[in-house]
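Written out below as structure tokens is the structure these notes cover.
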């Protein structure tokens, strides 16, 4: 039953999956509870264009896609600070433009030899050594950032005005968080897919908040749930020959549905 674990690409998929799960669950409460969950979805669309540009102009698309998406995330953050445009509108403007540019590049690009499906749903089993290294790298960076700035980020999440009053550099921390989120999204798009990567950021906090009341418990439970679900996703997807990312999202959704139904029944 576990014979497939001897294969290198399976072991690599586990490492990448667990690294991305940890990154997503660490980012999740700071984005979801601060009503910024859709930035992950927006940046996923931006990364679509970034990866297309990388494929056309470079042998390693991530080298172009990562700075491209980080720049877009900082632009979204900057636009959202303007009183005339709110955060959701900023995300929509930049992401829709980027996705449209990506589609145009696919249509007009010469020698484009990668399927759109592979970009939309990803494939963890075909990840490269570079993606493995970058997955671990972004996980370490996100973990260190949250470890050193946990309290300021917590204050920003619940009351940004009070955080500013307390002389916390909210703008700088916000830009760093946006940049790290962008880095994570690019790596995730290559392995989980454009359409699914934002779910990895949204589900951990939504699920854990059904069972906990404190921020710290929400964070830890989200990490635990993410690890278990990613492992289940790989175990289920490989023998059935279905996309790992899609399997993970379905398991997340099934778990959330069970929790919501259980809470509804207990309230009666």
Verdict on residue 112 being at pLDDT below 80, touching a helix residue (DSSP H, G or I) at 6+ places or on another chain (Cβ under 8 Å) and either on the phi > 0 side of the Ramachandran plot or loosely packed, with under 13 Cβ neighbours inside 10 Å (or both): no
Output for the range 124-167, where each listed residue is in contact with a helix residue (DSSP H, G or I) (Cβ under 7 Å, 6 or more places away or on another chain), more than 28 Å from residue 217 (Cβ to Cβ) and part of a loop (DSSP other than H, G, I, E, B): 127
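Could you please let me know if residue 172 is surrounded by fewer than 16 Cβ atoms within 10 Å (Cβ to Cβ), at pLDDT below 90, in a helix (DSSP H, G or I) and more than 14 Å from the chain's Cα centre (by Cα)?
Values: surrounded by fewer than 16 Cβ atoms within 10 Å (Cβ to Cβ): yes; at pLDDT below 90: yes; in a helix (DSSP H, G or I): yes; more than 14 Å from the chain's Cα centre (by Cα): yes.
It is true that residue 172 is surrounded by fewer than 16 Cβ atoms within 10 Å (Cβ to Cβ), at pLDDT below 90, in a helix (DSSP H, G or I) and more than 14 Å from the chain's Cα centre (by Cα).
Take the residues of the range 90-105 that are at pLDDT 75 or above and over 15 Å from residue 44 (Cβ atoms): which is nearest to the chain's Cα centre (by Cα)? Give the derivation first.
To start, the set of residues in the range 90-105 that are at pLDDT 75 or above comprises 91-105.
This time we only want the ones that are over 15 Å from residue 44 (Cβ atoms), so: 93, 104-105.
Details: 93: 19, 104: 25, 105: 24 Å.
Across the range 90-105, the extreme among qualifying residues is 93.
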Search result, residues across the range 31-50 that are surrounded by fewer than 24 Cβ atoms within 10 Å (Cβ to Cβ) and in a helix (DSSP H, G or I): 31, 32, 38, 41
The listed residue being assigned to a helix (DSSP H, G or I), crowded, with 21+ Cβ neighbours inside 10 Å and in contact with a helix residue (DSSP H, G or I) (Cβ under 6 Å, 6 or more places away or on another chain), out of 236, 223, 229: 229
Condition check for residue 182: free of Cβ contacts under 8 Å to residues at least 60 places away in the same chain, crowded, with 19+ Cβ neighbours inside 10 Å and in a helix (DSSP H, G or I): no
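The values are calculated or read from the model by the stated rules, or taken from the named source; none is laboratory data. These numbers were taken from a predicted model, which means no experiment stands behind them. All Cβ positions, glycine included, derive from the backbone under ideal geometry; neighbour counts span all protein chains shown.
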